[in-house]
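The values are calculated or read from the model by the stated rules, or taken from the named source; none is laboratory data. All values derive from a computational prediction rather than experimental measurement. Note: ideal-geometry Cβ built from the backbone for every residue, glycine included; neighbour counts use all protein chains shown.
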Amino acid sequence: MTSTPPAALAVVAEGLEFEYPAPRRILALKGVTVRIPEGQFAAIVGQNGSGKTSLARCISGYLRPTRGSLRVAGTEVWRLRPSQRATRVGYVFQNPDHQLFRERVWDDVAFGPQNLGVSPDQIQESVERVLRRLELWDKRELHPFQLSRGDRQRLAIAAIIVMRPQILIVDEPTTGQDMARSREIMDLLAGLNREQGMTILTITHVMELVAEYARWVIVMHDGRVLLDGPPRQVFSRAEELRITAITPPPVARLGLTLGLDPLPITVPEARDAILRRLPA
Amino acid sequence: MKLLYQFSAGDSFLHRLDPRTKLVFVVCFLISTFLLPEPWVMPLAIITIIWIFGRVSPLEYLVFILFLLPLMTAIVLIHLLTDGPPYFDTPPLGVLHLSRPGWDAGLLVAFRLAAMGIAFIMFSMTTDPFDWGMAMYQSGLNYKVAFMFAFAMRFFPLLQEELVVIRNALTARGYRAIGSRNPYVFLRGVAISIMPLGLGALRRSRDIALAMELRGFNYAETVGTRRTVFRDIRMRPRDHAVVAVSVFGLIAAVALSVRLGAFPEVPRAWLVFLAILLVLFSVIAWRISRTIKG
Amino acid sequence: MADPVIALERVTLRYPTAPSPTLRDVSFRVKPGEFVGIVGSTGSGKTTLLYLLAGVIPHYLGAELDGDVLIHGRRTQELSLARISERVGLMLQDPEAQLFNLLVRDELAWGLENRGLARAEIASRLASTLSFFRIERLQDRITYDLSGGEKQRVALAAVHAIAPEVYLFDHPTSQLDPIGAAEVIAAVRRLAERHQLAIVMVEDKVDELVEHADRLVLLDGGRIVLDAGPREFCLRKDLLDAAGVRPTQMAELSARLIEAGLKLDVPPITLEEMTVALRARLRS
């Protein structure tokens, strides 16, 4: 990895450790060192128990590291009050139902900024902007319970991005949804990343989407970073990935078997790579 | 994730007792607690019983004891400060006097409370709620009522876990509910958390109801057959032994209490009235359970 | 030719609150021993179809129904849900919503208790189900402590204990991580090896279905637009695109390679097929 001036790093972790307090006493993170530059779109992958969720929770400030150092958006984020944290790191949880706090869609999105002490005029403007962007403006008067799962997922995201966090962590946005909906969510995140320079960290286990959207992959295994790098590089380390539950997308596995170089990770890349290799 | 008050699937003597036995024991224990004068005896007794016969060390429910402590302290303080003379010889705290009988009374009530609480969690820690429900069913309680009761207890840990996630989600919205010392903020946080908790529960309950229906929850009523109780719930010799010990223990406690002059001075009329009330209550409960018996 | 064990015959269904029908003139038959996959975008009617086959509609949920839903030739309207559920088992997608007893072995016995089976019979079915799914080590575990994959397997075992002939799955792995999903798929495979059972699975992961299903059905806007074997299914790009469904990555790749002029007589739809097909080409 090339070294980057510290000011441009969204997340810097060195020897980060986290142990859950008694009575559980599990060492979830055993020395994580990772640097995520601002504006990155990174995927954190790994099986259950690998520490990926604990890492995300530390980065978002819920968990306080027990050892090592962690700076997020330049600060020790766990020290901040929730209202200060929300503008630096946003966290969207896996189940949208756990994040719906108000009886109207509009109110739910406004809830966060209200807690931050934003002026009512500013709230009006931000909420409208975000609802329109997420195609929920027409549903702003509805009760969240009436929304489809996909819409509730978007609402959960809306309620966090309205506070304009520098870094957005999204926990398993694809669970319980079909691929088309999952892609819509990923497109949305890619849009935020591109247009606003928001650093995106997404925890996911769908490698096809990682290949299509992420520019950086952090593979967690047994409380440590096993591999990190661009998807192409990570997927090519098949031997090392074997101990995790991570299986590269089919086209990447094909590429590895056939020795295609550079390794294709999406269908168009695979087609091109194969056509190039064929005798004319 | 083992959470407080929840059944810890173990295999001790207490775990293997019939739930009805434990119920009898707890009732006898509770009554005895109110009759004996030394405050520390009963809490110590129940902790020891749980440790030896249940193989659950007090460290495992330390959190519960710690939760009781502020309550106990409050009770002691209240009695200490509000009961009458004779007072302790302390430097005057303004108009406040520390009452000697208040100290004794306060300790008594506080420790009795602790004993009661620990007896209750003894029950919940060593009893599978479904064993309890099915024991009640075998004793005549309507199946669906018995099942739903156990079912509620089974889902309690899930709700607790969800509440943790919800509280974190609340923090993500900039709302400081968790660490807040402001009671208004804290309570409002609780109120706000009810909605997502309820929403999740509601959504899941529809699926659960369907799954239960598909696996025959209403089969017996629809087809007209009788349910089988697969689990082996019956009163064994050791259950009868424990019931006997509990009842004798209660009688002994009553006798000891009267001997020590510690038996609560309740006017005879009240005692008779209480006895009649108890009998009436039991009869009504029995009649109700018979009518809704499934 | 065996008779279908379950069938929909020209079914049109509209929910009371819906503006338009969820299923339109759907005919669908499953024979004993068949493994049929059902694919379609959200709202295409997949879950409704399963609910009809399971008797959930009309007995548990109400809807306007035209046409017949048959189990061994008998209309589900004439049978009680209690009787239907003895023949047809339905697995839902949320692992959390299908386990309501405390211990795993109680969960497996529960359905049998409700049906008033003798204790000896329950004990024997319990033992055989635990060994069939290789979950003996889970029997004394508390259900809410299990992993997602374990929960789904226990839920499946609980249905299996009732010994239905037909198993319906509604996105069984959608809430699971890859390991859990693999465990559940392996359990379903074991089931599929029992040749007299019929399996109908609604899934978005076409890759999985392609490997195990005998046929795949595509639902689009409440109609069955495609009902074919895996290969034919994957190569009907036009219908899949219209329905908003993507085939396997390999099938997509095959289509693109063919578009680019490569001759593939039997277009590969799985990784193994593609590897074999291309290895030969790249060598020669």
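Just a few scattered comments:
- Taken across the range B:133-146, residues that are more than 30 Å from C:Y51 (Cβ to Cβ), in contact (Cβ under 8 Å) with a residue 40 or more places away in the chain, out of contact with any Cys (no Cβ under 7 Å at 6 or more places or on another chain) and of a type in the set (F, W, Y) do occur, with at least one present.
- In the range C:74-88, the condition of being in a loop (DSSP other than H, G, I, E, B) and more than 30 Å from B:D232 (Cβ to Cβ) is met by at least one residue.
- Complete set of residues in the range A:137-153 that are surrounded by 23 or more Cβ atoms within 10 Å (Cβ to Cβ) and more than 10 Å from every other protein chain (Cβ to nearest Cβ): A:Q153
- Of residues in the range C:128-162 being in contact (Cβ under 8 Å) with a residue 40 or more places away in the chain and not in a helix (DSSP H, G or I), the one farthest from C:F35 (Cα to Cα): C:I142
- On inspection, B:I46 qualifies as surrounded by 15 or more Cβ atoms within 10 Å (Cβ to Cβ) and touching a helix residue (DSSP H, G or I) at 6+ places or on another chain (Cβ under 9 Å).
- Residues (of a type in the set (A, V, I, L, M, F, W, C) and touching a strand residue (DSSP E or B) at 6+ places or on another chain (Cβ under 7 Å)) located in the range C:2-33: C:V5, C:I6, C:A7, C:L8, C:V11, C:L13, C:L23, C:V26, C:F28, C:V30
- Number of positions in the range C:259-272 that are more than 10 Å from every other protein chain (Cβ to nearest Cβ) and more than 30 Å from the chain's Cα centre (by Cα): 3
- Taking the range C:196-257 and the strands (runs of 3 or more DSSP E) fully enclosed by it, the elements with 3 or more residues that are more than 11 Å from every other protein chain (Cβ to nearest Cβ) and more than 15 Å from the chain's Cα centre (by Cα) are at C:223-228.
- Meets criteria (closer than 30 Å to A:D97 by Cβ, modelled with pLDDT of 85 or more and buried (at least 21 other Cβ atoms within 10 Å of the Cβ)) for B:A152: no
- Number of residues in the range B:163-217 that are touching a Pro at 6+ places or on another chain (Cβ under 8 Å) and either within 14 Å of chain C (Cβ to nearest Cβ) or on the phi > 0 side of the Ramachandran plot (or both) equals 1.
- For the range B:218-267, the candidate set comprises residues that are within 14 Å of chain C (Cβ to nearest Cβ) and either in contact (Cβ under 8 Å) with a residue 12 or more places away in the chain or under 29 Å from B:V41 (Cα atoms) (or both); within that set, the residue that is surrounded by the fewest Cβ atoms within 10 Å (Cβ to Cβ) is B:R234.
Every residue, every condition in (1) more than 22 Å from A:L201 (Cβ to Cβ); (2) within 11 Å of another protein chain (Cβ to nearest Cβ); (3) assigned to a loop (DSSP other than H, G, I, E, B), yes or no:
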site: A:G61; (1), (2), (3): no, yes, yes
site: A:P65; (1), (2), (3): no, no, yes
site: A:Q94; (1), (2), (3): no, yes, yes
site: A:Q122; (1), (2), (3): yes, no, no
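- Sole exception among (1) over 16 Å from the mean Cα position of the chain (by Cα); (2) under 28 Å from C:A243 (Cα atoms) for C:A54, by number: (1)
- A single entry from C:R87, C:R134, C:R153 fulfils the requirement of being of a type in the set (D, E, K, R), on the phi > 0 side of the Ramachandran plot and more than 11 Å from chain B (Cβ to nearest Cβ): C:R134.
Conditions (1) assigned to a helix (DSSP H, G or I); (2) polar (S, T, N, Q); (3) within 14 Å of another protein chain (Cβ to nearest Cβ); (4) within 28 Å of A:R25 (Cβ to Cβ), marked per residue:
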{"residue": "B:D11", "(1), (2), (3), (4)": "no, no, yes, yes"}
{"residue": "B:H15", "(1), (2), (3), (4)": "yes, no, yes, yes"}
{"residue": "B:L23", "(1), (2), (3), (4)": "yes, no, no, no"}
{"residue": "B:V27", "(1), (2), (3), (4)": "yes, no, no, no"}
{"residue": "B:L30", "(1), (2), (3), (4)": "yes, no, no, no"}
{"residue": "B:T33", "(1), (2), (3), (4)": "yes, yes, no, no"}
{"residue": "B:I47", "(1), (2), (3), (4)": "yes, no, no, yes"}
{"residue": "B:L62", "(1), (2), (3), (4)": "yes, no, yes, yes"}
{"residue": "B:L71", "(1), (2), (3), (4)": "yes, no, no, no"}
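- A:T244 meets each of the listed conditions (1) within 23 Å of A:E14 (Cα to Cα); (2) within 13 Å of another protein chain (Cβ to nearest Cβ); (3) surrounded by 23 or more Cβ atoms within 10 Å (Cβ to Cβ) apart from (3).
- The range A:247-262 - residue that is within 18 Å of C:V276 (Cα to Cα) and under 26 Å from the mean Cα position of the chain (by Cα) and, of those, surrounded by the fewest Cβ atoms within 10 Å (Cβ to Cβ): A:R253
- Output for the range A:180-222, where each listed residue is assigned to a strand (DSSP E or B), of a type outside the set (S, T, N, Q) and under 23 Å from A:A8 (Cα atoms): A:I200, A:L201, A:I203, A:W216, A:V217, A:I218, A:V219
- Residue list for the range A:88-120, restricted to those being of a type in the set (S, T, Y) and surrounded by 17 or more Cβ atoms within 10 Å (Cβ to Cβ): A:Y91
- Of the numbered criteria (1) within 13 Å of chain C (Cβ to nearest Cβ); (2) in contact with a helix residue (DSSP H, G or I) (Cβ under 8 Å, 6 or more places away or on another chain); (3) over 20 Å from A:I59 (Cα atoms), the one A:G259 fails is (2).
- Residue list for the range A:56-86, filter: surrounded by fewer than 18 Cβ atoms within 10 Å (Cβ to Cβ) and in contact (Cβ under 8 Å) with a residue 60 or more places away in the chain: A:R71, A:G74
- Looking across C:I224, C:I185, one residue alone is of a type outside the set (D, E), at pLDDT below 95 and assigned by TED's automatic domain parsing to the domain that holds C:P164. It is C:I185.
- The range B:74-99 - residue that is over 23 Å from B:A114 (Cβ atoms) and not in a loop (DSSP other than H, G, I, E, B) and, of those, modelled with the highest pLDDT: B:Y87
- Flag if C:I122 is within 11 Å of chain B (Cβ to nearest Cβ), in a loop (DSSP other than H, G, I, E, B) and either of a type outside the set (D, E) or surrounded by fewer than 19 Cβ atoms within 10 Å (Cβ to Cβ) (or both): no
- A search for C-beta distances below 8 Å between a residue of the range C:273-284 that is more than 7 Å from chain A (Cβ to nearest Cβ) and buried (at least 16 other Cβ atoms within 10 Å of the Cβ) and any residue that is assigned to a helix (DSSP H, G or I) and modelled with pLDDT of 90 or more, counting only pairs 6+ apart in sequence or on different chains, returns C:E273/C:M250.
- The range C:137-150, subset away from chain B (no Cβ under 13 Å) and either in contact with a Gly (Cβ under 7 Å, 6 or more places away or on another chain) or of a type in the set (S, T, Y) (or both), residue nearest to C:L191 (Cα to Cα): C:G149
- Flag for A:S50 being out of contact with any helix residue (DSSP H, G or I) (no Cβ under 9 Å at 6 or more places or on another chain) and not in a strand (DSSP E or B): yes
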